[in-house]
Amino acid sequence: MTRTPAGARTDLPFLRGRSLRPAQQPSTPPVPGPTAAPPPTSASLDLSAPAAATPPTSSSLDLGAVPAAPPATPPGGTSLDLFDDEPAAPQPPDGGTSLSLAAPSGAAATPARSPHGHTRPLRHDLGLPTIAAGERRLLTEHEPVLELTRMQSAAGAIEAKVAVSNPTEVVLGIVFETADGRESLVLPGLSQQGPDPRRPIFRATSGGVAVDLRRITDIHRVLLFAVPTRPSKQMPGGTVTVTTYGGSRLEIPLVAGPTLGAQALLSGYVVEGRLVLRAEHDPYSGTLQQVCAAYGYREISWRDPYTPLV
Amino acid sequence: MAVSLSKGGNISLEKAAPGMTNAVIGLGWDPRTTDGAPFDLDASVLLLGESGKVRSDADFVFYNNLTGDNGAVQHQGDNRTGEGEGDDEQIHVALGQVSADVQRIVVVASIDQADARGQNFGQVADAYIRVYDADDPHNATKGLRFDLGEDASTETALIFGELYRHGGEWKFRAIGQGYAGGLANVITQFGLQVG
Amino acid sequence: MSPMAKGANIALQRELPDLSGVVFGVDWDTGGERVLDDNLTLLTILVGADGMALSPEHVVHFNQLVSADLSTAQLQQALGGDDEQVEVELTGVPDDVAKVVFVLYLSEGSGSSRTLGQLKHLVVRLLNLDGGASIISSVDLADGLSAETALKLAELYRHSGQWKLRVLGMGYSSGLHGVAKEYGVPL
């Protein structure tokens, strides 16, 4: 992929040809025009489940890949793109991860209740790959997504570590939005723990970052990123591993090459209590500020394009 | 169908196992899955004379004295953790060979070092003791069984019951009396010196 | 009645023939130790005859508050002084559930390690789901704990067709791993 410091991409026509999505649903907010240089926008994730009394609406969780078949959208559906399609991440040739979170047709509108009033929240089968305890999985461009179970999303911590030949050349950080809508980030050298250092959810570790899943109910979404430390901002090649309490291990390649200061690695959304992870394989690099904005973290204040105010 | 005994229950095996001549006393339990000292349950018998006491120390058959009454009573050995399928400890009693002056055979279950280890029957999963006929091919589902964790839960020793002579036959009386303080506490009442 | 010792059991429906449900409550005292307080986590497992969790949907915890069969539900906010409470509708527990096991474990995601031996006090109790009257309470289960990071508190189980409660107070130093392994809960 070609990258230029000015941000104008020369490979867009190629990408757009590959990423043409049939029956693209209207997205909110509007997609910027193809010649726009600014970083892509993304919308927030709306998981409003269809309510009993209102006409069925469809919430489509588009994880940025080409859908194999466009999901049926009833009129008036609200469909939200999480990731703008330009510049798009490399598209898998087949197999989509576009999902409709509409309740299955014919499903009871009201959830079952026990005599004492126990009910379970609506559960939508996202149909995403899962991972077993102790299993290793390379998150490729073809299969970038993984869904953790409710137990996996609640046990111990998720630990991300970088494996490169010279560990001092890159640090990992994590930008996040909590369930109450606050955004912040953790980055060694800047902010070791957050959002509240006395009771952190996220913390820098030796070699990476960790997320305390005892606090999963306080998390809305996260983005793991890498920052090269060399003055040249050159990213070393290597691997980033993400490990769960059960010993499952995800591997994300760290691609050597020039950067503008930061590289998005893995995004995560908490969907109905389950952590959905997506390796970004994003060739677009930017300053840390640009990367945060590109992924929709717009509530953070910046000292300069590389330094957030935390 | 094995008769499940409750504390204080009193059942005669006369009808359930008529003419039983070779009794098996079986003790079983599940090995410990939690941290801490393993559960070491012990089966033992006391051979009592007319007086209701043992004739000698040799009449106490347990993990440290495996043979009693000239071989009529045979302990199959100590299991210290409960590993293994089926009964973890067995004592065989050839009733036809028991000396004439032995009138009662008392059956005891206990936990070794229970007090030091802070253990009781209630903490041991699936702990039971039973008596059944060695010669009955269907004995797995017959005989008498006491679930130690249910009625003797906070205790560490239990007199399960006794085989006794009556009118020329052997019968069984269920007792189900639990004790704190372990095996030592039980056997002194039968004339044994402890320590 | 006097507090139940570790290993003790009680036939619930003998005392209360009409008992349709219970609330299991846990009350602990960490002496104000915040990391301990924040990481003590309750786990309730509906276990089949084979000793294993019926399914991952039959495991109740803060991120899965209600079991698949709806009988068992952890309260988001415990009432009346307990730190955590779980409601069990006994009449709604499926027939293939042999017991309901209540486990307390220390979540290990904070980077600081603690043990249950650091607890000053730990008591469990059972209330009538109907009306909230107290049925039993346990002795202090913190007694004798040291390196344990997960503790089987108690279990509800069926015996001769009746529901009983047994107090356990036995644990592992292997934390949630140990519990998950014993009951077949996939991590």
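Readers should treat all values here as calculations from the given coordinates under stated rules, not as data from a laboratory. Note that the coordinates shown come from a computational prediction; the quantities given were computed from them, not determined experimentally. Every residue, glycine among them, receives a Cβ derived from its backbone with ideal geometry; neighbour counts consider all protein chains shown.
Listing for the model above:
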{"item": "Förster radius 51 Å - calculated FRET efficiency between C:His159 and B:Thr67, Cβ distance, rounded to 0.05", "result": "0.85"}
{"item": "Whole-Hz ³J(HN,Hα) from phi, Karplus 6.51 cos²θ - 1.76 cosθ + 1.60, for the stretch C:68-76, glycine and proline x", "result": "4, 7, 6, 6, 10, 9, 7, 7, 5"}
{"item": "Tally of Lys pairs whose C-alpha atoms are under 14 Å apart, taken over chain C, 8 or more apart or cross-chain", "result": "4"}
{"item": "Farthest positive-ward along the stretch C:39-183 dipole, Cα basis, beta-carbon charges - from C:Val59, C:Leu43, C:Thr115", "result": "C:Thr115"}
{"item": "About the Cα centre, charge dipole magnitude for the stretch C:43-122 (Lys/Arg +1, Asp/Glu -1 at Cβ), debye", "result": "400 debye"}
{"item": "Karplus 3J(HN,Hα) series, Hz, for the stretch B:69-80 with 6.51 cos²θ - 1.76 cosθ + 1.60 (x for Gly, Pro)", "result": "6, 6, x, 5, 10, 9, 8, 7, x, 7, 10, 9"}
{"item": "Counted charge near B:Lys53, where neighbours are those whose Cβ lies closer than 14 Å (Asp, Glu -1; Lys, Arg +1)", "result": "-3"}
{"item": "Cα gyration tensor category, rounded, prolate or oblate, for the stretch A:128-310 with a/c compared to 1.5", "result": "oblate"}
{"item": "Built amide H within the under 5 Å cut-off of A:Val170, gap 5+", "result": "A:Thr229"}
{"item": "Built amide H within the under 5 Å cut-off of A:Gly156, gap 5+", "result": "C:Glu108, C:Gly109"}
{"item": "Cut-off 12 Å between beta-carbons: net charge of the residues surrounding C:Gly171, Lys and Arg +1, Asp and Glu -1", "result": "0"}
{"item": "Antiparallel bridges, percent of DSSP beta bridges restricted to chain C (to nearest 5)", "result": "100 percent"}
{"item": "Chain B - Rg (one decimal) and Dmax (whole number), Cα, Å", "result": "15.5, 51"}
{"item": "Sequence-distant lysines (8 or more away, or on other chains) whose Cα lies within less than 24 Å of A:Lys233", "result": "A:Lys161"}
{"item": "Hz values of 3J(HN,Hα) by residue in the stretch C:113-128 - Karplus curve (6.51, -1.76, 1.60), Gly and Pro given as x", "result": "9, 9, 10, 6, x, 7, 5, 7, 6, 8, 10, 10, 8, 10, 10, 6"}
{"item": "Sum of side-chain charges, C:Gln64 neighbourhood, beta-carbon under 11 Å (Lys, Arg +1; Asp, Glu -1)", "result": "+2"}
